[in-house]
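Report on the structure given below.
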Amino acid sequence: MSSSIYENLGAQSAQFIRAEHRMLIGGRWVEAFSGKTFDVFDPGTGEVVACVPEGEAADIDLAVQAARRAFEAGDWARMKPADRTRLLLRLADLIERHGDELAEIEAVDNGKPLAVARRGIAGTAEMVRYMAGWATKLNGESVNLSVPGEWHAYTTREAVGVVGQIIPWNFPLSMAIWKIAPALTVGCTVVLKPAEQTPLNALRLGQIIQEAGFPDGVVNIVTGFGATAGAALAAHPDVDKVAFTGSTETGKRVIQAALGNLKKVSLELGGKSPVFVFPDANLELATPGAANAIFFNSGQVCSAGSRLFVHKTVFDRVIEGVIEHGNKLKVGHGLDPASQVGPLISRQQKQRVDGYIRQGEEEGARRFGEQRAFDAGGYFVAPTVFVDTTPDMSIYREEIFGPVVCAMPFDDDDLDRIAAEANRTEFGLFAGIWTQKLGLAHKLARRIKAGSVSVNAHMVNEPALPFGGYKQSGWGRERGREVFDLYTSVKSIAINLD
Ligand code: ADP
């Protein structure tokens, strides 16, 4: 870490990032079985900032064994729900207490501006608290039978067992918590594989989980690459369930790997989410709302509003506002307090997004957004708006995962036709609607095939609201009560009383 920007780091985060990193298996911090390591890059400078163990199939196997032991016997298996709640609440408090440090690690590992990372970490602690409350409330029910005789019948909800969790790099700490917290709430044990681009906060979280007092083997963290460690986790015959967040393409590989033992699979995948601005909308809110929908986190958000439909009567005004909003955003290193938007995660990702921008221009779309000179080394892309886009263009159809939005005017009043346009995608994760007409909002929300719809807001980051996709955006729902369907099995018990 030679760049002067690292002088902005606090002592604790600097010490953690520079430390020799190990993985967490069975309560011990270990090197990879092979002894191999890999480099971790700061996307804001392109510098190597750390190196971590390169876990592979052998390490995954050890982690699964540790998780199995913890699930079947010991303190965790016998723990009462109220004690799991207490542990999770302690974890939430510790996440908050270490919040500044976690935010700084995230700013270096992932590139997020500090203020954004700090808000995310506060939300992460709230997610743990929300989940913690459910541990004592997830009951089965008694069932009235109609078959002859006198019966006592009931259902129970049981933890599904050992869970493999594979997460992406766009929100490293939040994604880890979205996965771990509900699994622990119901008594599962976990093997977590963070993304190879952003392993640091998962490892720091492992330390905090130990500090909170979770028994050994309940959470195991293996750093490594997708094709080796990730694939081994998805395929492992003693894993009962795999939960994956990432690209649709990789999600399909996870399904195939899971076939061997028919483990349960849940997937939170890509999106190409539409945002609609109707002429009656409050444009003071809708314009920055539509801009944030795509520029937040440099567009590296599965629910990013990457297709913007604006009624033709207000199209010029809204699009000019979105372009201006993008131009004013300070794009820079996450540790620079002035930064509002950080870099993309990697050189490959920047090349991919730059490629889409070139392709958009070649295919005839008009590009807006200031060209800027960025710090050499960092993987920055300026906020970009395309107009004159058509459904056959790759920028319109494919998930770009960068700060690039396709804007289209519409002049239709027919909600079925408008919804058909929104639904003209293989994805179905999210949709945004800006209008003050209540009936219109409800009617359009019904017609859109997506797991979440926001009206006069973009994405509500609320633990109680289920989140997940229709179509190729995924299987299952995270957050809300619905997440427990992913981590529990229902058993029915019928007792003949005669
Ligand atoms: P990206 O291509 O943007 O990195 P991915 O969906 O490939 O997104 O990655 C998300 C997560 O999936 C990461 O933790 C990655 O290591 C993991 N992963 C990648 N390939 C596989 C695979 N074949 N099996 C299981 N996990 C994988």
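The values are calculated or read from the model by the stated rules, or taken from the named source; none is laboratory data. The structure displayed is predicted, hence computed values, not measured ones. Neighbour counts run over all protein chains shown; Cβ positions are idealised from the backbone, glycine included. Ligands, DNA and RNA are stripped out before the accessible areas are found, and what is left, the full protein with its side chains, is counted by its heavy atoms. Shrake-Rupley method; radii C 1.70, N 1.55, O 1.52, S 1.80 Å.
Taking the range 239-262 on its own, how many of its residues are crowded, with 20+ Cβ neighbours inside 10 Å, within 8 Å of the ligand (Cβ to nearest atom) and not in a helix (DSSP H, G or I)?
Qualifying residue count for the region: 3.
In this structure, does GLY224 turn out to be part of a helix (DSSP H, G or I), more than 7 Å from the ligand (Cβ to nearest atom) and under 19 Å from ALA58 (Cα atoms)?
No, not satisfied.
Anything in the range 179-210 that is of a type outside the set (A, V, I, L, M, F, W, C) and more than 14 Å from the ligand (Cβ to nearest atom)? List them, or say none.
Within the range 179-210, PRO182, THR185, GLY187, THR189, ARG204, GLY206, GLN207, GLN210 qualify.
Six or more apart or on different chains, Cβ under 6 Å: which pairs go from a residue in the range 376-388 that's more than 23 Å from LEU308 (Cα to Cα) to one that's crowded, with 19+ Cβ neighbours inside 10 Å? Could you list them?
Close Cβ pairs satisfying both conditions: GLY377/THR45; GLY378/GLY44; GLY378/THR45; GLY378/PRO343; TYR379/PRO43; TYR379/PRO343; TYR379/LEU344; TYR379/LYS350.
So, restricting to strands (runs of 3 or more DSSP E) that lie completely within the range 147-200, which ones have at least 3 residues that are open to solvent by 10 Å² or more (accessible area, probe 1.4 Å)?
Answer list for the range 147-200: 151-159.
Hey, could you check the range 327-374 for residues that are open to solvent by 60 Å² or more (accessible area, probe 1.4 Å) and within 16 Å of the ligand (Cβ to nearest atom) and say which is nearest to SER3 (Cα to Cα)?
In this case the residue turns out to be ARG347.
For the range 301-324, does any single residue satisfy the condition of being more than 27 Å from ALA419 (Cβ to Cβ) and surrounded by 22 or more Cβ atoms within 10 Å (Cβ to Cβ)?
The answer is no, given that none of the residues of the range 301-324 is more than 27 Å from ALA419 (Cβ to Cβ) and surrounded by 22 or more Cβ atoms within 10 Å (Cβ to Cβ).
Which residues, counting only those in the range 130-144, are surrounded by 13 or more Cβ atoms within 10 Å (Cβ to Cβ) and outside any strand (DSSP E or B)?
TYR130, MET131, ALA132, GLY133, TRP134, ALA135, THR136, LEU138, GLY140, listed by residue number.
Among ALA450, ALA420, ALA457, ALA445, which is the only one that is farther than 20 Å from ASN282 by Cβ, more than 17 Å from the chain's Cα centre (by Cα) and among the small types (Gly, Ala, Ser)?
Result of the check over ALA450, ALA420, ALA457, ALA445: ALA420.
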